[in-house]
Amino acid sequence: MRSVILLFFSAVPLFSQTLYNDTTITELRLSFYYTSWKDSLTKHVASETDIPARLTVNSVIYDSIGVRYKGNSSYNVSSEKKPFNLSIDAYKENQLLDGYKTLNLNNFFKDPTCVREKIAYEIAARYFPAVKAAFARLYINNEYWGLYLNVQQINKIFLREHFVEWDGNMYKGDPPTSSGGVFGADLTWHGADTSYYRARYELKTNEEQNDWSDLVRLINLLNNLPDATFETEIAKYLNVDRTLWYLSYCSVFVNLDSYLGSGHNYYLYDSSLEGMDMILWDINEVLGTFSNEQLTIEQREKLSLLYKNQDGARPLVKRLLAVSSFRQRYYSHCRVIMNETLSESYWQPKVQKYQQLVSASLSADTRKLYTMAQFATNVTTDIVSTGQGAPGTIPGVLSFVNHRRTYLSTLNEIVGVVPIVVSLQHGPVQPTQTDSVSFQAVIRNAASASIWWSVNYSRFQNRTMTRASSDSTLFRVTLLPFSRNNYVRYYVEAAGASGASEVYPSHAEYVTQSFAVTGTNPRLPVVINELMASNTKTVKDQQNQYDDWIELFNTSSDTVSLAGMFLSDELMPKQKWKIPAKTVIPPRGYLLVWADEDTLDVGGLHANFKLSKSGEVVFL
């Protein structure tokens, strides 16, 4: 009898850890081809035009990369220490640095401690897709230019790291500088004519198609849906939970140079599976350092969690938080973030760790925006900045964290009685396509509970759970059988008598419990054992070419037929390349499949897709 396999997911870490290592500082050496490079960079700021240079990293030379100044306020500092954008592939299309094609070098604008942005990105990554960041020493023409924070670019490489689909439209909530646009990517409705939106947002993928219809549709619905249908309809086009995590993060950490405050510095990515997704960007003024909202530091420390919820110029805040279920989910996320990461006990060890790492490099930095005394003092104390840094008062890291936590701890929405989920499980543990699946949760202080589930990364749907008559803390629900090979993620949401809600696992929907549905036959004992992307010298195919490959391994002591099996590098379609019907793997044997798109080659197995060296997933 032919065996079948449950969906096998192999997420292979193909990205080097050199660039984003928490324990080392990467050395970047730029060499420009002519002496007037500073004049050229300044001349092309508005047009965002790259000028060529050579980059050396770990003795590896990357010739003809593109360099430009970046940033707005951070660029306008009086120091020569401007922020840089490095495009590794600007002049050589396939040139990558450790799997990445763009580096953003930030100059610690408004951060004398040099660590708050780094730690803030680490925290964000606990709750939703967020970029990586690490420290770098920059040399220009063999002259030490200073210490920088290297922040990952949000592009297709980032999408491949975090999303099942990576070919959708992505917009930046900022105008393209070259268009002369103005800030104001506030998602307010200004009619169906796309010219208004093109001046305030930037399409970052699928530029050739130039189709803005999904963004315009979302903005229309966000502003114009009737209240009665808003809750159900907006969830069909917007990843509501991910957006609430974004707003919770910005509120708890008073990140006001964002959609919440200034109305920009974010990305929107449209996935047909999950809807429009909000992505955090440019948080160098996190922890209340953004002063353009005309708020005192004390007012920032006590910023309401409903800040701008009545502001028509912030419809994402106003309309989402007007829905009771969304508002309670938002408060739940705020509680999680506060309890886990808004404390001196969380921040102090990280501040100490990273300041020890960068202290010597910063001390040798003659272009630094702040003094070494401010580097130390601003950890615990507000400082008045003068000189090359941003003018004004900059909150101390730990003092702001402590004061913010103290204020939030006075709010009943945060510290009031909430449901406590003790456990959540499903049964049978390994369901087949013929099994109904039961979910059971033990929850204290709950008036009601719902199970939320997603099949193959589609949008989550929910069903009310029933309280067991014999135990007031036990909630159950049974769902009909799922199709074989389905991958099911699930979590529970409980509501208390006051309406306060909690989800479990606490990082849902980003982190959930899950199971895969098998067929009624035994699981196929073949696994994806190894793969090679960007094969240049390891092994040649039968055509004497170095092509990408996927290695399958038979874990059993029997010969196994692969008739009816498929390989794919996309969740949809899973049946991308059909393995030939007569293919078998001997006991404990290996089989190579060449991922080279050369399906007509004679000799060997050749799939109809290639692997990306910038990151890949493979399904069997």
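Here is how the numbers come out for the structure above:
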item	result
Gain on full stretching of the segment that runs from S195 to T386 - 0.36 nm per residue minus C-alpha separation	64.7 nm
The stretch 366-442 shape via C-alpha gyration tensor axes, a/c threshold 1.5	prolate
Estimated inter-spin distance, N206 and T35, nm [label 7 Å along Cα→Cβ]	5.0
Helix-only [θ]222 nm of the chain, DSSP H runs n ≥ 4, -39500 (n - 2.57) each, per residue, nearest 500	-6000 deg cm²/dmol
Relative contact order computed over the chain (Cα-Cα under 8 Å; 6+ residues apart), in percent	14
Ordering of 71-77, 606-612 by packing [mean C-beta count within 10 Å, highest first]	606-612, 71-77
Loop GluC sites (Glu not before Pro), the stretch 203-234, which have at most 13 other Cβ atoms in a 10 Å radius of their Cβ (DSSP)	E207, E208
Mean Cβ count within 10 Å, highest first, over the residues of peptides 274-280, 94-100, 296-302	274-280, 94-100, 296-302
Kirkwood hydrodynamic radius of the stretch 101-157, Cα pairs, Å	12.4
Translational diffusion of the stretch 26-96, µm² s⁻¹ [Kirkwood Rh, Cα pairs; Stokes-Einstein; 10 °C; 1.306 mPa s]	125
Flagged links, alpha-carbon separation over 28 Å, of K172/K236; K70/K236; K70/K118	K70/K236
Helix runs (DSSP H) in the chain reaching 24 Å along axis by Cα, Kyte-Doolittle at least 0.0	none
Farthest positive-ward along the stretch 87-232 dipole, Cα basis, beta-carbon charges - from L222, F109, A185	F109
The stretch 194-306 - percent relative contact order, Cα under 8 Å, separation 6 or more	21
Fully extended contour minus Cα-Cα distance, from I420 to T366, at 0.36 nm per residue	14.2 nm
Surface share of carbon and sulfur [accessible, 1.4 angstrom probe, percent] for the chain	48
Cβ-Cβ FRET estimate between S343 and T296, R0 fixed at 22 Å, reported to 0.05	0.45
Square roots of 5 times each gyration tensor eigenvalue, C-alpha, the chain, largest first, Å	41, 36, 23
Exposure of W37 as accessible area (Å², to 10), given a probe of 1.4 Å and all protein chains	20
FRET efficiency for T583 and V539, using Cβ-Cβ distance with R0 set to 25 Å, rounded to 0.05	0.85
C-alpha center-to-center spacing [the stretch 436-478, the stretch 132-168] in angstrom	41
The chain - accessible surface per residue (Å², probe 1.4 Å)	41
Relative contact order of the stretch 108-222, defined on C-alpha pairs under 8 angstrom at six or more residues apart (%)	18
Charge sum, other residues only, whose C-beta stays under 12 Å from H190's C-beta, Lys/Arg counted +1 and Asp/Glu -1	0
Where labels lie 7 Å past Cα in the beta-carbon direction, separation of S438 and S47 in nm	7.0
Protection proxy ranking, peptides 194-204, 578-588, average beta carbon neighbours within 10 Å, highest first	194-204, 578-588
Average silhouette area of the stretch 15-57, convex hull of alpha-carbon atoms, in square nanometres	4.3
Extended-chain gain in nm, criterion 0.36 nm per residue less alpha-carbon gap, E530 and T24	179.3 nm
Cβ-derived FRET efficiency at R0 25 Å, R476 paired with A563, nearest 0.05	0.05
Long pairs among K38/K350; K92/K578; K156/K308; K82/K204, criterion Cα-Cα beyond 26 Å	K38/K350; K92/K578; K156/K308
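The values are calculated or read from the model by the stated rules, or taken from the named source; none is laboratory data. For clarity, every value in this text was computed on a predicted model and none was experimentally measured. Methodologically, a virtual Cβ is constructed for each residue, glycine included, from the backbone with ideal geometry; neighbour enumeration extends over all protein chains shown. We work out accessible area using only protein heavy atoms, side chains counted, and drop any ligands, DNA or RNA first. Shrake-Rupley method; radii C 1.70, N 1.55, O 1.52, S 1.80 Å.
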